[in-house]
Amino acid sequence: MSTTGPWVNTISGRRFYLENPDVNDITAGDIAWGLSMICRFNGHVRDFYSVAQHCVIVSYNVPAEHALAGLLHDAAEAFIGDGSKPLKDVLGDGGRYRKLERKAEAAIARTFGITFPFDPSIKAADLRTVKTEIRDLCVSTDKDYWSPGTEPLDGRIEPLGPRGARTLWKARYKTLTGEDARSSRSPD
């Protein structure tokens, strides 16, 4: 793997090379940390609500055999950031962001032994979760822009904040894999 080019420093001190990710530089602990510190909807929510919490919800709303992929479906964002849907729409499918995202997703899938591209059930659960997030957490004038024709999940989402979401994500990861997601250098 390449050890040159632009890279992101992770909480564990690893380098994630954006254009050539190495599976040896991807850990569950770094993913949990990064996702818990990223607020959904570019922060335009009533209370801090992380990508980590979003991923946990998705993982509970897919068939059991795809739960780990559901938990990891946005894991690339731990390394490349959360590009909002409107930004991705403007950049287009051939955009550089989407190419980096796909490279990261493929490397993450290899690291954790999940199928990529992801099963369609993950996208369906993601859209239902988005619809629920819009309903519960956002002030939105156009709820159908995000997931037209999709019904929200039952129940309400209560944002946990970074530490709570990170704890929830790690617990879900351990339940699904039997492995601890603690990173050797992370503060928790």
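The values are calculated or read from the model by the stated rules, or taken from the named source; none is laboratory data. Predicted model only: the values in this text are computed from it and were never measured. Here the Cβ positions follow ideal geometry from the backbone for every residue, glycine too, while neighbour counts run over all protein chains shown. To get the accessible areas, we keep the full protein, side chains included, count just its heavy atoms, and leave off ligands, DNA and RNA. Shrake-Rupley method; radii C 1.70, N 1.55, O 1.52, S 1.80 Å.
Annotations
- Remark: pairs (first residue in the stretch 153-167, in a loop (DSSP other than H, G, I, E, B); second residue loosely packed, with under 15 Cβ neighbours inside 10 Å; Cβ separation under 6 Å; 6+ apart in sequence or on different chains) = Pro159/Asp47.
- Among (1) open to solvent by less than 50 Å² (accessible area, probe 1.4 Å); (2) part of a loop (DSSP other than H, G, I, E, B); (3) not hydroxyl-bearing (Ser, Thr, Tyr) - the single one Val130 does not satisfy: (2)
- Taken over the stretch 1-57, the criterion of being polar (S, T, N, Q), farther than 18 Å from Glu101 by Cβ and open to solvent by 70 Å² or more (accessible area, probe 1.4 Å) is satisfied by Thr3, Thr4, Asn9, Asn24.
- Restricting attention to the stretch 78-122, the residues that are closer than 21 Å to Ile31 by Cβ and in a loop (DSSP other than H, G, I, E, B) total 11.
- Taking the criterion of being open to solvent by 50 Å² or more (accessible area, probe 1.4 Å) and among the polar types (S, T, N, Q), the only residue of the stretch 97-121 that qualifies is Thr115.
- Taking the stretch 12-76 as the region of interest, the helices (runs of 4 or more DSSP H) fully inside it that hold 1 or more residues being closer than 16 Å to Thr177 by Cα and in contact with an Asp or Glu (Cβ under 6 Å, 6 or more places away or on another chain) are 51-60.
- Breaking point among (1) in contact with a strand residue (DSSP E or B) (Cβ under 9 Å, 6 or more places away or on another chain); (2) open to solvent by 30 Å² or more (accessible area, probe 1.4 Å); (3) without any contact (Cβ under 8 Å) to a residue 24 or more places away in the chain, for Ala64: (1)
- Subset of the stretch 112-141 that is more than 15 Å from the chain's Cα centre (by Cα) and of a type in the set (Asp, Glu) - its residue that is modelled with the highest pLDDT: Asp119
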